[in-house]
Amino acid sequence: MERAEAYGFWAAMSGAFLLSCLLFAAVSRRQRGPYMDEVFHVPQAQAYCHGRFLQWDPMITTLPGLYLLSVGVVKPAAWLLGWTGSVVCSVGMLRFINLLFSAGNFYLLYLLLYKIHQKNKAVSGFQRILSALTLAMFPTLYFFTFLYYTDPGSVFFTLFSYLMCLYGNHKTSALLGFCGFMFRQTNIVWTVFCAGNVVAEKLNEAWKIEVQKKTDEKISSRKGSFSDLTRILQFLVQYLLSPKNLITLTALTWPYIILVSLFFVFVFINGGIVVGDRSSHEACLHFPQLFYFLSFTVFFSFPHLLTPTKIRKFLLSWRKHPVQYSLITVISLFLIWKFTYVHKYLLADNRHYTFYVWRKVFQRHELVKYLLVPFYIFAGWSFADTLKSKSIFWILMYFVCLLAVTVPQKLLEFRYFILPFLIYRLNIPFLSLYRQLLELAFYILINAVAFYLFLNRTFQWENSDEVQRFMW
């Protein structure tokens, strides 16, 4: 990092942290007590603060990583500063943990952008800083900086694990992946993703050698035709069936293999991936979740995905390959018909934006969910098009992880899309400076609206005296 870029980065990070502190104070004044899932998280953390480590709220579905880390930070800080009494593990103090995680996420996002795109000399330091700031302000993640939720910490340890993986520190990466798993069990998928990065790199090296051997055949690891994909899949099967190759890959990824093995042991002993209340978190094959994620990504990355040029290219592609697109359309319609699930929370909880998306869009008419298929296909094509700079093996590995982290979820919840979105955004090419500024302005506008609604547009339910607020 050059000196000017370093000064610029620390100025941006300090300014963002100061703004977050001011917003944190506003949220803490308006909502002093626990809100939504905080009514479970805060008392649990306070029990740990008082040394009651065997106490557990059965309504909590995640492992105690957030509470253990909170105690590990708050208790020493309180001892050093001489704090006593209820202030030590108060709601505000516990929420402040996520403010620290938010600053850490900013730093990790910058380091990841620097590492992933280090070969692209056309990207300036200012663009890297601007992109890191934009992703740090990503609305769905940024909102939970100010509440005591698991999301900021979950993202922090997952991004940290990914960074260490890219630098080849796989034992450290697996250890950080374990920390991420302790915040949210589904983060084990991103441990697999880190191992997949290593495997994809070796596969790409072997594939290039294979291509050189067949110079008479025009094969490329970055082509998108179905014939090339078939050849690549055949190569993939042959490579992975080789004992020598398997031994090599095992030697490279053994820290991740151990962690994934421990995960399966946990699932066997626990009787499932969810701890605590399982009645509202049942796994199912909810394939339309992939379509919802693609729509979510188009919305939040419209400067990348929703451009006139991409629309023209998509229409041209449709005209060139009508049979393939017709088949994709039929499959999509079938998946929506047979595998659409509506969680009871989605229909009942009017505090979440997903409630209004579902009511205003999908509940307007039974056919709406089918009429959106052309948009889903465009979103998927545009999504894949922005990843064409990555190797086909990386794309296949990411897609498998994306399916694993989204499809089993019955509830449509935007928070589940945070990590797959960030991993995607980190790996696509940089935009022009104008489009980067447009994206940042868009995020700031969404955040401003979200916090205005949360702080000022309160309401009450008929059967409750508690103040209700809108949130992601």
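In segment 78-105, what residues are among the aliphatic types (A, V, I, L, M), open to solvent by 20 Å² or more (accessible area, probe 1.4 Å) and free of Cβ contacts under 8 Å to residues at least 40 places away in the same chain? Selection gives LEU80, LEU81, VAL87, MET93, LEU100.
When segment 320-344 is examined, which residues are found to be part of a helix (DSSP H, G or I), of a type outside the set (Val, Ile, Thr) and surrounded by fewer than 16 Cβ atoms within 10 Å (Cβ to Cβ)?
Matches in segment 320-344: LYS320, PRO322, GLN324, SER326, LEU327, LEU333, PHE334, TRP337, LYS338, PHE339, LYS344.
Pairs are defined by a Cβ separation below 9 Å, a sequence spacing of at least 6 or placement on different chains, a first member in segment 330-351 that is within 24 Å of HIS281 (Cβ to Cβ), and a second member that is open to solvent by 60 Å² or more (accessible area, probe 1.4 Å) and polar (S, T, N, Q); the pairs so defined are LEU347/GLN363.
Selection of segment 112-129 for residues being within 21 Å of LEU387 (Cβ to Cβ) and in a helix (DSSP H, G or I) yields LEU112, LEU113, TYR114, LYS115, ILE116, GLN127, ARG128.
Take segment 345-375 and flag every residue that is in a helix (DSSP H, G or I) and among the hydrophobic types (A, V, I, L, M, F, W, C).
Answer for segment 345-375, where residues must be in a helix (DSSP H, G or I) and among the hydrophobic types (A, V, I, L, M, F, W, C): LEU346, LEU347, ALA348, PHE355, VAL357, TRP358, VAL361, PHE362, VAL368, LEU371, VAL373, PHE375.
Restricting attention to segment 226-260 and to residues that are closer than 29 Å to SER173 by Cβ and modelled with pLDDT under 85, the residue that is least open to solvent (accessible area, probe 1.4 Å) turns out to be ILE232. Show the residue pairs meeting these rules: Cβ distance below 7 Å; 6+ apart or different chains; first residue within segment 133-156 and open to solvent by less than 10 Å² (accessible area, probe 1.4 Å); second residue assigned to a loop (DSSP other than H, G, I, E, B). From segment 133-156, the pairs are THR140/TRP472; PHE143/TRP472; LEU147/TYR35; TYR149/ASP37; THR150/THR62; THR150/ARG184; SER154/ARG184.
Candidates PHE263, PHE296, PHE291: the one that is among the hydrophobic types (A, V, I, L, M, F, W, C), modelled with pLDDT of 95 or more and more than 23 Å from LEU422 (Cα to Cα) is PHE263. Find the residue count for segment 405-419, including only residues that are of a type outside the set (D, E, K, R), farther than 8 Å from GLN289 by Cα and not in a helix (DSSP H, G or I). Number of matching residues: 2.
LEU163: of a type in the set (A, V, I, L, M, F, W, C), part of a helix (DSSP H, G or I) and open to solvent by 10 Å² or more (accessible area, probe 1.4 Å), yes or no? So LEU163 fails the test.
Can you name the residue in segment 263-291 that is aliphatic (A, V, I, L, M), touching a residue at least 24 places away in the same chain (Cβ under 8 Å) and farther than 15 Å from PRO58 by Cα and, of all such residues, is least open to solvent (accessible area, probe 1.4 Å)? Reasoning before the result, please.
Pass one, segment 263-291, residues aliphatic (A, V, I, L, M): 265, 267, 269, 273-275, 283, 285, 290.
Now restrict to residues that are touching a residue at least 24 places away in the same chain (Cβ under 8 Å): 273-275, 283, 285, 290.
Filter once more, keeping what is farther than 15 Å from PRO58 by Cα: 283, 285, 290.
On the way: ALA283: 85, LEU285: 98, LEU290: 24 Å².
Looking at residues that are aliphatic (A, V, I, L, M), touching a residue at least 24 places away in the same chain (Cβ under 8 Å) and farther than 15 Å from PRO58 by Cα, I get LEU290.
Kindly indicate whether any position in segment 146-158 is more than 14 Å from the chain's Cα centre (by Cα), over 27 Å from ALA441 (Cβ atoms) and either acidic (Asp, Glu) or not in a helix (DSSP H, G or I) (or both). Taking every residue of segment 146-158 in turn, at least one turns out to be more than 14 Å from the chain's Cα centre (by Cα), over 27 Å from ALA441 (Cβ atoms) and either acidic (Asp, Glu) or not in a helix (DSSP H, G or I) (or both). Within segment 449-472, being farther than 23 Å from LEU22 by Cα, open to solvent by less than 100 Å² (accessible area, probe 1.4 Å) and in a loop (DSSP other than H, G, I, E, B) holds for TRP461, SER464. If you check ILE423 against the conditions, is it within 17 Å of CYS194 (Cα to Cα), surrounded by 18 or more Cβ atoms within 10 Å (Cβ to Cβ) and either aromatic (Phe, Trp, Tyr) or free of Cβ contacts under 8 Å to residues at least 40 places away in the same chain (or both)? So ILE423 fails the test.
Being open to solvent by 20 Å² or more (accessible area, probe 1.4 Å), more than 23 Å from TYR256 (Cβ to Cβ) and either in contact with a Cys (Cβ under 7 Å, 6 or more places away or on another chain) or modelled with pLDDT of 75 or more (or both) holds for only one residue in LYS223, LYS208, LYS202, and it is LYS208. Looking only at segment 24-52, residues that are open to solvent by 40 Å² or more (accessible area, probe 1.4 Å) and either closer than 18 Å to TYR149 by Cβ or in a loop (DSSP other than H, G, I, E, B) (or both) come to 11 in all.
Would you confirm, using the coordinates I've provided, whether GLN234 is assigned to a helix (DSSP H, G or I) and touching a Leu at 6+ places or on another chain (Cβ under 8 Å)? I'd like the intermediate steps shown before the answer.
On the way: assigned to a helix (DSSP H, G or I): yes; touching a Leu at 6+ places or on another chain (Cβ under 8 Å): no.
Criteria not met by GLN234.
The lone criterion from (1) charged (D, E, K, R); (2) free of Cβ contacts under 8 Å to residues at least 12 places away in the same chain; (3) part of a helix (DSSP H, G or I) left unmet by GLU439 is number (2).
The values are calculated or read from the model by the stated rules, or taken from the named source; none is laboratory data. The shown structure was predicted, so the numbers you read here are calculated from the model rather than taken from an experiment. Cβ coordinates were reconstructed from backbone atoms using ideal geometry, including for glycine residues, and neighbour counts include every protein chain displayed. Quick note on the areas: whole protein, heavy atoms, side chains included, nothing else; ligands and nucleic acids left out. Shrake-Rupley method; radii C 1.70, N 1.55, O 1.52, S 1.80 Å.
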